[in-house]
Amino acid sequence: MENIKWEELGFGYIRTDFNIRSTWKNGEWSTPRLTEDETVNIHMASTALHYGQTAFEGAKAFKGADGRIRLFRIEENAKRLQSSAEYLMMAVPPVELMVKMTEEVVRANARWVPPYGSGASLYIRPFLFGTGANVGVKPAEEYELIIFVTPVGPYFKAGFQPIRAIIDRDHDRAAPLGTGHIKAGGNYGASLLSGDICHKLGYQSAIYLDAAHKRYIDEAGAANFFGIKDNTYVTPKSHSVLPSITNMSLRDLAADLGLKVEERLVEYTELGTFEEAGACGTAAVISPIGEVYDPLEDKRYVYGGGTEAGPVSTKLYNLLRGIQLGDEPDTHGWVTFVDME
Ligand SMILES: Cc1ncc(COP(=O)(O)O)c(C=O)c1O
């Protein structure tokens with residue numbers, strides 16, 4: 001690992017020293033155990049493999065200028081995993097268990113947390129799935145919660161650059177009363193084809209509309225959408241949108257900056273009224289959207305000339321990144337330190 005060029009890392013899997021696991025069996029979570037084993041040995045009839053009883057989370061750890069390791073709002077990831085578990089009828093891991101396991105696995109892999117200033121971070125991937133033999137369509141009797149970590153590179157290697165997005169009316173990411181509000185593995189399987197088509201057409205992200213009316217914006221790929229206009233931060237409210245922790249944080253920061261915040265239905269025709277648009281999530285914090293193409297109306301909505309991130313998006317991005325890295329005061333209490341014992 002001595003030779004790792006942190007700045008050049010992409011978003012892929014790199015083996016670290018340990019992952020951590022807890023098993024739910026007979027109504028109890030086992031004491032978390034660190035392991036070097038990268039594989040999982042489960043029964044071929046497990047519900048995770050057949051009926052999609054599997055959900056995951058994504059979070060990051062950062063090293064500050066002071067050398068201390070910081071987790072960003074990890075309790076929110078734990079709460080979201082709980083809501084995924086409840087909907088998929090899986091055992092629900094206590095928030096404290098997931099937070100403790102995250103701290104332990106990050107501490108055990110401390111040498112893999114990229115240095116301050118590299119732009120890289122340690123990606124944290126908790127996941128929960130049903131194990132044990134079960135042929136009928138019913139919940140599993142046993143569950144496994146695993147958290148692995150892997151260093152990932154800076155999202156913006158060539159600066160804070162806008163992406164191009166395309167409205168996809170041919171595929172739905174999630175049904176109106178389905179699983180869009182949770183981080184079910186199946187949602188991502190269902191988005192692969194749409195993502196592939198949009199990349200082949202030369203766009204980095206699909207914009208999904210609500211499945212029932214094809215009228216309101218749901219999400220921007222695997223990220224939430226927001227628009228800025230008239231000193232207002234506007235973001236879609238819908239049952240089929242994943243409650244993004246980044247979006248939740250940006251809404252608070254936008255309010256701190258004196259913007260009005262609106263969480264409501266956003267018609268796609270409103271795209272023409274925004275001064276700035278962006279996709280937000282753990283991966284990039286904000287990907288400014290430079291252009292949205294609507295193939296139905298053969299219309300392009302362009303922001304910042306398609307090449308420049310807007311001033312509000314830039315300010316919000318710098319503020320949130322700054323809090324994650326410890327460069328800005330953590331006024332909302334979002335950071336947890338993982339100190340070496
Ligand atoms: C579908 C979807 N929407 C939004 C997000 C952003 O959520 P967060 O900010 O919690 O990473 C993600 C990524 O986690 C996602 O997969």
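The values are calculated or read from the model by the stated rules, or taken from the named source; none is laboratory data. Everything numeric here is computed off the predicted structure, so don't read it as measured data. Because the Cβ atoms are built from the backbone with ideal geometry, glycine has one as well, and the counts that use them run over all protein chains shown.
Which residues, taken from the stretch 5-35, are in a loop (DSSP other than H, G, I, E, B) and either farther than 20 Å from residue 114 by Cα or among the hydrophobic types (A, V, I, L, M, F, W, C) (or both)? Selection gives 9, 11, 14, 18, 26, 27, 30, 31, 32. Just to be sure before I move on: is residue 255 away from the ligand (no atom under 16 Å from the Cβ), assigned to a loop (DSSP other than H, G, I, E, B) and not basic (Lys, Arg) in the structure I sent? Judged against the criteria, residue 255 is not a match. For the stretch 73-90, filtered to residues that are over 16 Å from residue 52 (Cβ atoms) and in contact with a strand residue (DSSP E or B) (Cβ under 6 Å, 6 or more places away or on another chain), the residue that is surrounded by the fewest Cβ atoms within 10 Å (Cβ to Cβ) is 77. Looking at the structure I just gave you, is residue 16 closer than 20 Å to residue 99 by Cα and surrounded by 11 or more Cβ atoms within 10 Å (Cβ to Cβ)? Judged against the criteria, residue 16 is a match. Just a yes or no: is a residue in the stretch 121-132 farther than 23 Å from residue 246 by Cα, assigned to a helix (DSSP H, G or I), polar (S, T, N, Q) and in contact (Cβ under 8 Å) with a residue 40 or more places away in the chain? Checking the stretch 121-132: not a single residue is farther than 23 Å from residue 246 by Cα, assigned to a helix (DSSP H, G or I), polar (S, T, N, Q) and in contact (Cβ under 8 Å) with a residue 40 or more places away in the chain. Here the stretch 207-236 is the region considered, the condition is being charged (D, E, K, R) and within 16 Å of the ligand (Cβ to nearest atom), and the residue that is farthest from residue 59 (Cα to Cα) is 210. Within the option set 104, 38, 96, being at pLDDT 95 or above, of a type in the set (Asp, Glu) and surrounded by 14 or more Cβ atoms within 10 Å (Cβ to Cβ) holds for one residue only, 104. Is it fair to say residue 201 is aliphatic (A, V, I, L, M) and in contact with a Leu (Cβ under 8 Å, 6 or more places away or on another chain)? Considered against the rule, which asks whether it is aliphatic (A, V, I, L, M) and in contact with a Leu (Cβ under 8 Å, 6 or more places away or on another chain), residue 201 comes out as no. Residues in the stretch 265-289 that are part of a strand (DSSP E or B), within 21 Å of the chain's Cα centre (by Cα) and either at positive phi or surrounded by fewer than 23 Cβ atoms within 10 Å (Cβ to Cβ) (or both): 281, 285.
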